[in-house]
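Okay, structure first, notes after.
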Amino acid sequence: MENEKEFVKVSDVARRLNVSQMTILRMIKDGQIEATRIGKSWRISTTAVERLIEENKNTRGEAKIDSNCK
């Protein structure tokens, strides 16, 4: 199956981006990152995580995520 996506938990994304889980949940709510609700928890595709990192890179190539998003 070529179209299978790999999904990760909110906690995994938060750890990778060095932000809180609440920040990731706010980003999902605000539509800044695509996520899928499975039961009571959210799952985020690795593609969406990579896209978020690419869209938020600064001029030095470092990802900058606004941890104060509302």
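The values are calculated or read from the model by the stated rules, or taken from the named source; none is laboratory data. Every value quoted in this text rests on a predicted model; they were computed, and no experiment measured them. Because the Cβ atoms are built from the backbone with ideal geometry, glycine has one as well, and the counts that use them run over all protein chains shown. The protein model used for the area step is the full one, side chains on, heavy atoms only, and it has no ligands, DNA or RNA in it. Shrake-Rupley method; radii C 1.70, N 1.55, O 1.52, S 1.80 Å.
Here are the numbers for this structure:
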read-out	value
Scan of region 22-43 for residues that are within 18 Å of Asn56 (Cβ to Cβ) and in contact with a strand residue (DSSP E or B) (Cβ under 9 Å, 6 or more places away or on another chain), ordered by number	Ile24, Leu25, Ile28, Ile33, Glu34, Ala35
Tabulated pairs, region 18-47, first farther than 14 Å from Phe7 by Cα and open to solvent by 50 Å² or more (accessible area, probe 1.4 Å), second polar (S, T, N, Q) and modelled with pLDDT of 95 or more, C-beta under 6 angstrom, 6+ apart or interchain	Gln21/Ser11
